[in-house]
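Any read-out appearing in this document is the output of simple, stated calculations on the displayed coordinates, not a laboratory observation. Note that the coordinates shown come from a computational prediction; the quantities given were computed from them, not determined experimentally. With ideal geometry, Cβ positions are generated from the backbone for all residues, glycine too; neighbour counts draw on all protein chains shown.
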């Protein structure tokens with residue numbers, strides 16, 4: 001995602017670079033990368049990809065604004081800057097966070113194994129931990145910084161990717177009528193610039209934001225004050241005085 005964006009000198013911008021989701025047999029969703037104004041108005045957002053399940057790959061991020069469904073098309077992604085959905089069944093992946101709202105969590109953090117929903121950009125986009133509560137694994141896959149939804153360990157669904165709108169969490173097999181363990185959905189993107197280049201799913205690993213100054217702000221013109229013009233009477237008087245001085249000088253030389 002790239003575009004030319006006009007900003008005013010002195011304005012503050014917010015930058016969040018998305019992180020790759022963790023993996024442990026399955027994957028947490030990747031975080032989206034965000035460039036916004038200081039008041040959270042989006043300028044450019046690149047979505048993160050969904051985490052893989054033990055059966056299927058996650059869905060890549062998309063250039064459109066809406067997050068995608070999981071790899072089986074069962075759970076819907078977020079729209080309009082909101083987080084992605086998730087299956088309520090145990091061991092399903094959490095939905096990815098969007099610009100304005102968090103993704104849907106599967107776990108309640110107390111009694112249910114399942115992924116946590118990714119945190120929205122306006123809420124900090126912080127990393128969410130894996131959702132296995134019985135300590136059956138050495139490490140659950142956390143969601144990536146920037147709204148990635150988390151998952152649990154072993155054979156489960158993947159977390160949704162963060163972005164302008166979050167991707168869906170992948171449901172576990174047998175949950176929400178899923179015939180397989182589904183990969184998480186990809187996050188949506190946003191481009192508020194001109195001369196856009198929008199290509200989906202082109203990067204692996206952590207996100208990246210590059211800012212290039214194309215042109216500096218124009219220098220305002222100097223204050224053009226009018227040159228004072230003397231009145232005709234003043235000009236005539238000045239000429240007469242100069243003439244008398246010249247005549248006196250000539251007589252003195254003679």
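A few comments on the model shown:
- Per-selection Rg to Rh, the stretch 95-137 - Cα, Kirkwood hydrodynamic radius: 1.04
- Here, P(r) means the percent of Cα pairs in each 5 Å bin from 0 to the largest distance; for the stretch 164-209 it is 6, 14, 18, 21, 13, 12, 8, 5, 2, 0.
- Per-residue Cβ neighbour rank within 10 angstrom, fewest leading, 24, 66: 24, 66
- Fewest-first sequence of 11, 70, 40, 55 by Cβ atoms within 10 Å of each Cβ: 11, 40, 55, 70
- As a length-normalised measure over Cα pairs under 8 Å and 6 or more apart, the relative contact order of the stretch 1-113 settles at 14 percent.
- For the stretch 10-116, diffusion coefficient by Stokes-Einstein and Kirkwood Rh (Cα), 37 °C, 0.692 mPa s, µm²/s: 228 µm²/s
- The stretch between residue 133 and residue 79 holds 16.4 nm of extra length on full extension. This uses 0.36 nm per residue minus the Cα-Cα distance.
- Residue 57-residue 14 FRET efficiency (beta carbon distance; Förster radius 30 Å; 0.05 resolution): 0.45
- Set against the 2.2 N^0.38 Å expectation for a compact globular protein, the stretch 99-216 has a Cα radius of gyration ratio of 1.20.
- Kirkwood-type radius of the stretch 1-215, with distances r between different C-alpha atoms, in Å: 15.7 Å
- One decimal place: the segment residue 196-residue 216 gains 5.2 nm when fully extended, by the rule 0.36 nm per residue minus the C-alpha distance.
- Proxy reagent accessibility, fewest Cβ within 10 Å first, across 211, 127, 75: 211, 127, 75
- Mean separation of Cα contacts under 8 Å, 6 or more apart, over the residue count of the stretch 1-215: relative contact order %: 30 percent
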